[in-house]
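Here the structure comes first, spelled out in structure tokens, and everything after it is commentary.
What follows draws every value from the coordinates through simple rules; no lab data is involved. Since the structure is predicted, the reported quantities are computational estimates derived from the model, not experimental observations. Using ideal geometry, Cβ is built from the backbone for each residue, glycine included, and neighbour counts are taken over all protein chains shown.
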Ligand SMILES: Cc1cc2nc3c(=O)[nH]c(=O)nc-3n(C[C@H](O)[C@H](O)[C@H](O)COP(=O)(O)O)c2cc1C
């Protein structure tokens, strides 16, 4: 699979098959994603990778701690996942994402219990055989947090290139204390997100969501390109617009 296809076919997988991922492959992905660029080459990411019995035990502890509660209400994160109040167009994008997700799952808007059950699937890594955690030294700022995004996405595309699927999960921040204790994360580190890794279960409709994106002119201001042809020669706007 080439890079363009890997980017185009990546999606947030929310139902994995039980098929295991080879330990060498996991290691290669984690190592390979470190080719991501980082400011000053600080490589500020710290990764914890779990599978098998340790993963099962972590999931068990998290489920026991959550019980019947809704972690979105009962548990706080170490950093604000979203601003308190979102504004346009971000607010409507988030709402549309929820509508698309729960429609694919067949969970009606008023079914709060059904939505909670689905949300809690986050803490099972959606059934993935491998769970990763990405952490950062809490002394770092926005520059290095952005580098975590580079690492995360390089990892997800490398996984896709090997036919694997992923789901990045900030929701793990709701149970950061349990994760911290379990992986013995030092106090100076904080959890950024989890990443579910495995093979998608294609029989699940939730895995067929194609999330929309805003048109390019909504988020990019172009300067000078109207006057350029593909070969780089400047042409008049009137010729270019014909
Ligand atoms: C940093 C990050 C954290 C995310 N956290 C969650 C999460 O906790 N649970 C979840 O189901 N999806 C999570 N997502 C997935 C987003 O909802 C998803 O990327 C977005 O809706 C676009 O869909 P796509 O990834 O399928 O293209 C997260 C994505 C990113 C990049």
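Data table
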{"quantity": "Cα gyration tensor shape of the range 60-151, rounded if a/c is under 1.5, else prolate or oblate by comparing a/b with b/c", "calculated": "oblate"}
{"quantity": "Sequence ranges 122-134, 151-163, 14-26, 61-73, ranked by mean other-Cβ count within 10 angstrom, highest first", "calculated": "122-134, 151-163, 14-26, 61-73"}
{"quantity": "Counting DSSP beta bridges with both ends in the chain, the antiparallel % (nearest 5)", "calculated": "95 percent"}
{"quantity": "Percent RCO, i.e. relative contact order, over the chain, from Cα pairs under 8 Å lying at least 6 residues apart", "calculated": "36 percent"}
{"quantity": "Tilt relative to the chain, helix 52-66 - C-alpha long axis, 0 to 90 degrees, to 10", "calculated": "80 degrees"}
{"quantity": "Helix-only CD estimate at 222 nm, as mean residue ellipticity for the chain, using -39500 (n - 2.57) per DSSP H run (n ≥ 4)", "calculated": "-11500 deg cm²/dmol"}
{"quantity": "Folded to 0 to 90 degrees: helix 23-32 orientation relative to the chain principal axis, Cα", "calculated": "40 degrees"}
{"quantity": "Ranked list, fewest to most other Cβ atoms within 10 Å of each Cβ, for 167, 220, 193", "calculated": "220, 193, 167"}
{"quantity": "Nearest 10 degrees, 0 to 90: helix 90-105 Cα axis against the chain principal axis", "calculated": "60 degrees"}
{"quantity": "Alpha-carbon spread of the range 1-56, three principal axes, descending order, Å", "calculated": "39, 30, 20"}
{"quantity": "Neighbour-count ranking [beta-carbon atoms within 10 angstrom, fewest first] of 208, 97, 176", "calculated": "208, 97, 176"}
{"quantity": "Proxy reagent accessibility, fewest Cβ within 10 Å first, across 164, 116", "calculated": "116, 164"}
{"quantity": "Mean shadow area of the range 1-114, taken as a quarter of the surface of its Cα convex hull (nm²)", "calculated": "11.2 nm²"}
{"quantity": "Unit Cα scatterers, Debye sum, the chain: log10 I(q)/I(0) for q = 0.08, 0.09, 0.13, 0.18 Å⁻¹", "calculated": "-0.37, -0.46, -0.90, -1.61"}
